[in-house]
1. What are the residues whose amide H is under 5 Å from the amide H of Val181, where those residues sit 5 or more places off or on another chain and H is modelled from the backbone?
2. Taking amide H positions as placed in the peptide plane 1.01 Å from N, state which residues far from Val5 in sequence (5 or more) or on other chains have amide H under 5 Å from it.
3. Once amide H atoms are placed 1.01 Å from N in the peptide plane, what residues at a sequence separation of 5 or more from Tyr134, or on another chain, have their amide H within under 5 Å of its amide H?
4. May I ask you to compute the full-extension gain from Thr208 to Asn361, defined as 0.36 nm times their residue separation minus their alpha-carbon distance, rounded to one decimal in nm?
5. Using alpha carbon centroids, what distance separates the stretch 45-63 and the stretch 136-167, in Å?
6. Lys and Arg at +1, Asp and Glu at -1: add these up for the other residues within a Cβ distance under 9 Å of Asn103 and post the number.
7. What pairs in Lys78/Lys157; Lys185/Lys359; Lys335/Lys359; Lys62/Lys157 have C-alpha atoms more than 26 Å from each other?
8. Please list 3J(HN,Hα) in residue order for the stretch 197-208, calculated via the Karplus relation 6.51 cos²θ - 1.76 cosθ + 1.60 where θ = phi - 60°; whole Hz, with x for glycine and proline.
Amino acid sequence: MSYLVTGATGFIGQQLVLQLAKRKGTIYVLVRKRSEKKLEGLRKRLGAKASRLQVVHGDISKRNCGVSADTQKQLKGKVKQVFHLAAIYDLQHEDDDHQMRVNVEGTRHVVKLAEGLGADSFQHMSSIAAAGRYRGYFREDMFDEAVEVDQPYFASKHRSEAVVRRECSIPWRIYRPGIVVGHSKTGEITKIDGPYYLFPFLKKLRKTLPPWFPLIGPEGARINIVPVDYVVKAMDHLAHKRGLDGQCFHLTDPSPKRAGELTNTFARAAGAPEFTMRIDARMLQFIPKGVRDSIIELPPIRRIIDGVMHDLGIPPLLLSYIDYPTRFDSHDTQKALRGSGITCPPVEAYAPALWDYWKRNLDPDLFRDGQVVADLIYHPLETRWLAAAAERGWRAVD
């Protein structure tokens, strides 16, 4: 079995390549020439299997993904499965034509390339964002029922999925993961998203208040997060299982926590005080949406909200998840994974690993030269981290 993977330089893509490398066959990775250096770390992790990783230069924003005619001729008949993960993920901007072009037209170009290469199947990485803000349970066999998909990222994932469903002439399978966080065992991740935006805030709370101090906060809707190792293991298993063509799979947590519960889970991992009193955002739903929106847009209220969000580095769009109305049914996925041993772990089991990795590798304070690195616990595993800190002139304190 040979594969062609787009998005292999991204975090999920790298993890998927490592998973696919456990099987036999060549793994072709489509990358732009200027991004090829990003594969060096992946090659090191593959070790002796690195020779099975073959680079195909291209760009999904171009026709035939920018792959030369000679290369297409060489690959024709060799690639059995195409895994399309390359996409732009941007919640910061409300109007991003580039995001739409890459995610939608890029998917169309990859589909055409896969067809031209004679691939046996097309494995498409979509997102729960494709459902928009559907109210209630969104099943895996639902698509056209999506509503409120006008936000650029939501729209781009919905439309790119439509390309696969309506234009792909070879067998396809679609995967909709929740908000992907780090590895459940190591905490490893390379990007900030979802709950990670709360971590600097929790760090400030830990420094300012004792752990027992009671706080009041919103309860919010259920937020579906999943560790990356579950996503790639499930995707790999489902892609190789017979009889699943033309289906969509929700790679989600079957028991997601509400925003308030999730915040407290990470607060415990961080040693920060918890929100012992949580106000359910649904209590405000008796106020007409138009009135609520008008209140939020009042200049004094907007200045306060924008100021707080800016100080915490949180994209404004994340506020919409406070009352996110969509739940995701994953019965088809659970049925197809039965007997494989692949299950989504509860967030309590891996929250400490996510927090630990973040504070050692992604905490913005680590990248401010000359700043004191606080709350560092001496441990043998931190030797390499301490050496790197010393090189930057940082000093650690208890």
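1. Amide H to amide H, under 5 Å and 5 or more residues apart or across chains, Val181 pairs with Val226, Val228.
2. HN-HN under 5 Å from Val5: Tyr28, Val29, Leu30, Phe83.
3. Residues meeting the criterion, in which the H sits 1.01 Å from N, are Val147.
4. Working: separation 153, 0.36 × 153 = 55.08 nm, distance 2.22 nm.
52.9 nm is the gain from fully extending Thr208 to Asn361.
5. What the calculation gives is 29 Å, centre to centre.
6. Details: positive: Arg101, Lys157, Arg159; negative: Glu105.
Net of charged neighbours comes to +2.
7. On the way: Lys78/Lys157 29 Å; Lys185/Lys359 15 Å; Lys335/Lys359 37 Å; Lys62/Lys157 19 Å.
Beyond 26 Å: Lys78/Lys157; Lys335/Lys359.
8. Once rounded to whole Hz, the list reads 5, 7, 4, x, 5, 5, 5, 5, 4, 4, 6, 8.
The values are calculated or read from the model by the stated rules, or taken from the named source; none is laboratory data. Everything numeric here is computed off the predicted structure, so don't read it as measured data. All Cβ positions, even for glycine, are placed from backbone atoms using ideal geometry, and neighbour counts span all protein chains on display. Protein only, heavy atoms only, side chains kept; ligands, DNA and RNA dropped before computing areas. Shrake-Rupley method; radii C 1.70, N 1.55, O 1.52, S 1.80 Å.
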